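> Handing you this structure, nothing more for now.
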Amino acid sequence: MLTDTLWTLVEDCRRQGLGGCARDAWLLDTLSRQPPDGIVRFQACLDHLLGESLSWNLWAAADRILGTWCSDQSFCFFQCWLLGLGRPVFEAAVADPDVLALAPEVRRLARLPRPDWPPADRPGWELLTALPARAYEAAAGGFEDGGDAFYRAARRVLDEEGLRPAPLLPRGHRWSARDEAEAARRLPRLAAMFPLER
């Protein structure tokens, strides 16, 4: 299955206890040693999973955990962080974002005020989306077109696998995680764990 390689690398990284810059360096080095078509497939998998996790309910969960409205970029970083928690957590959270309240990483955050969160524990993986292209550039000896062919090749892989590309807009209906009644209904555990700051 297309996603197996990505999940294998995520689990390898988790077993080593890597985070932050060490995780980025390890993944870049590991991907760079893959054949170019393997790196393209990794990018296709990443695109697919980011698309699968693009929903207003998950966005609201990110807003509630972070205590602020997430921009497009900060939500993408949140999605990448969620991928970094591993396949079982990712798939459960895509199906029901409120189950994030059961993840040890989220429970650890809930015990501290947001300003006291250690930088390494903050819910965001900023470089994940850039690493496959960097690895491909290293493995292939550079880009002639700024990477356009790389991303087109990843889209072709999705087509060949019969997987849809990422939607332009999140699934579902947009709602505010700051609406206490709605948050209590849709995300009861997260709403209780991460009260709004007054």
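> Please sort 178-187, 15-24, 57-66, 93-102 by packing, taking for each peptide the average over its residues of neighbouring beta carbons within 10 angstrom, highest first.
Packing proxy ranking, top to bottom: 57-66, 93-102, 178-187, 15-24.
> How big is the stretch 12-84 by the Kirkwood estimate over distinct Cα pairs, in Å? Don't skip to the end; give the middle numbers.
Working: mean 1/r = 0.0726 Å⁻¹.
After inverting the pairwise mean of 1/r, the radius is 13.8 Å.
> Scan around Arg171 for amide H atoms under 5 Å from its own, H built in the peptide plane at 1.01 Å from N, and keep only partners 5 or more places away or cross-chain.
For Arg171, whose amide H was placed from the backbone, the distant partners under 5 Å are Ser55, Trp56.
> Classify the stretch 94-161 from the C-alpha gyration tensor, please: rounded if a/c falls under 1.5, else prolate or oblate depending on whether a/b exceeds b/c. Intermediate results must be reported in sequence, preceding the final value.
Numbers: a/c = 4.66, a/b = 2.02, b/c = 2.31.
Cα axes put the stretch 94-161 in the oblate bin.
> Give, as ranges by residue number, the residues of the stretch 14-40 whose backbone N falls under 16 Å from the point 7 Å along Cα→Cβ of Glu137.
25, 28-29, 31-33, 40
> Determine the relative contact order of the chain: mean sequence separation of Cα pairs under 8 Å and six or more apart, normalised by residue count, in whole percent.
On the way: 205 pairs, mean separation 73.5, N = 198.
Dividing the mean separation by the residue count of the chain yields 37 percent.
> Moving on. Of Leu85, Trp117, Phe194, which is farthest along the charge dipole of the chain in the positive direction, counting Lys and Arg as +1 and Asp and Glu as -1 at C-beta?
Phe194
> Please work out how much length the chain gains when fully extended from Asp96 to Gln16, using 0.36 nm per residue of separation minus the C-alpha to C-alpha distance, in nm with one decimal.
Values: separation 80, 0.36 × 80 = 28.80 nm, distance 2.81 nm.
Full extension from Asp96 to Gln16 adds 26.0 nm.
> Could you tell me what percent of the accessible area of the stretch 66-198 is made up of carbon and sulfur, with a 1.4 Å probe and every protein chain present?
Working: 4070 of 7720 Å².
Exposed carbon and sulfur together represent 53 percent of the surface.
> Quote the Stokes-Einstein diffusion coefficient, in whole µm² s⁻¹, for the chain, based on the Kirkwood radius over alpha carbon pairs, a temperature of 25 °C and a viscosity of 0.890 mPa s. Please report the intermediate quantities before stating the final value.
On the way: Rh = 17.6 Å.
It comes out at roughly 139 µm²/s.
> Something else about it: Taking the Cα centre of the stretch 1-114 as origin, sum charge times position over the Cβ atoms of Lys and Arg (+1) and Asp and Glu (-1), and report the length of that vector in debye to the nearest 20. List each step's numbers first, then the result.
On the way: 11 positive and 14 negative charges, 103 e Å.
Approximately 500 debye in magnitude.
> Two decimals is fine: what's Rg over Rh for the stretch 109-198, C-alpha atoms, Kirkwood radius as Rh?
On the way: Rg = 20.0 Å, Rh = 17.5 Å.
For the stretch 109-198, the value is 1.14.
> If Lys and Arg each add +1 and Asp and Glu each add -1, what is the summed charge of the other residues whose beta carbon sits under 13 Å from the beta carbon of Leu158? Spell out each step's value before the answer.
Working: positive: Arg41, Arg152, Arg155, Arg156, Arg164; negative: Asp47, Glu52, Asp159, Glu160, Glu161.
My count for the surroundings of Leu158 gives 0.
The values are calculated or read from the model by the stated rules, or taken from the named source; none is laboratory data. All values reported here derive from a predicted model rather than from experimental measurement. Glycine also receives a Cβ, built like all others from the backbone with ideal geometry; neighbour counts cover every protein chain displayed. Ligands, DNA and RNA are stripped out before the accessible areas are found, and what is left, the full protein with its side chains, is counted by its heavy atoms. Shrake-Rupley method; radii C 1.70, N 1.55, O 1.52, S 1.80 Å.
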